[in-house]
1. For segment 1-74, compute Rg over Rh where Rg is the Cα radius of gyration and Rh is the Kirkwood radius from the inverse mean 1/r over Cα pairs.
2. Quick one: which residues, 5 or more positions from residue 64 or on another chain, have an amide H under 5 Å from its amide H? H modelled 1.01 Å from N in the peptide plane, none for Pro or chain starts.
3. Per-residue ellipticity at 222 nm for the chain, helices alone: DSSP H runs ≥ 4 residues times -39500 (n - 2.57), over residue total, nearest 500 deg cm²/dmol?
4. In whole angstrom, note down how far apart the Cα centers of segment 116-162 and segment 27-105 are.
5. Non-local amide H neighbours of residue 92 (under 5 Å, H modeled in plane, Pro and chain starts lacking H): which ones?
6. If packing is taken as the average count of other Cβ atoms within 10 Å, what order do 93-105, 120-132, 55-67, 6-18 fall into, highest mean first?
7. Could you tell me the ratio Rg/Rh of segment 48-88? Both radii from Cα atoms, Rh via Kirkwood.
8. With viscosity set to 0.890 mPa s at 25 °C, what whole-number translational diffusion coefficient in µm²/s follows for the chain from Stokes-Einstein and a Kirkwood radius over Cα pairs?
Amino acid sequence: MDPELTSARQAADDARVLAFGRLRSAANRLEYLLGRALEREFGITHLVYEVLLIVGRTGDDGLTMRSIAQEQVLTTGGATRLVDRMEALGLVTRTADPGDRRVQLVRLTALGEETTVRASRVHVENIERFFFRPLPEDHRARFAEDLRTLSHAARDALPRLR
């Protein structure tokens, strides 16, 4: 506990609170800008796009619902509902894991693969435009690495799904 924080004004002006607030604000605004582009051009949400990426990264092996839930900080029920919607759109399929029939593996369909590639081309352009170009060129790689460090530290602090 920080004994120096004795008023709401001090708390609101604290450099750490301001830095985290700016991170949240930037993330929310970027999510809106980049997410809207994916919805407008491809009819998918940013969350669906992120799941397409993580499922695509596994290739033919597929990904379990639990892994999707853990990666996206969803409940297993939330992951199931999301995958249901993605399956209805023809982007993914589910099959039983040959090693454990109780486990469903999620894989991209041909349409899912095509959508991921097409959406990624637009997404990368928008990331360049709104995320990297505003930063000085010599800060970009370090900033991306710092974000990775923060993301992994937060991920490791979260409880694991069982």
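1. On the way: Rg = 18.6 Å, Rh = 15.4 Å.
Rg/Rh: 1.21.
2. 106
3. Numbers: 7 runs with 107 residues, N = 162.
After summing the helix terms and dividing by residue count, I get -21500 deg cm²/dmol.
4. A separation of 18 Å, based on Cα centres.
5. Hits under the 5 Å cutoff: 87, 109.
6. Details: 93-105: 12.2, 120-132: 13.9, 55-67: 16.1, 6-18: 10.5.
Descending packing order for the listed peptides: 55-67, 120-132, 93-105, 6-18.
7. Details: Rg = 9.3 Å, Rh = 10.1 Å.
Over the Cα atoms of segment 48-88, Rg/Rh equals 0.92.
8. Details: Rh = 18.2 Å.
Diffusion coefficient, whole number: 135 µm²/s.
No value in this document is a laboratory result; all are computed from the given coordinates. Keep in mind that what you see is a predicted model, and the values were worked out from it rather than measured. Reconstructed Cβ throughout: ideal geometry from the backbone, glycine too, with neighbour counts over all protein chains shown.
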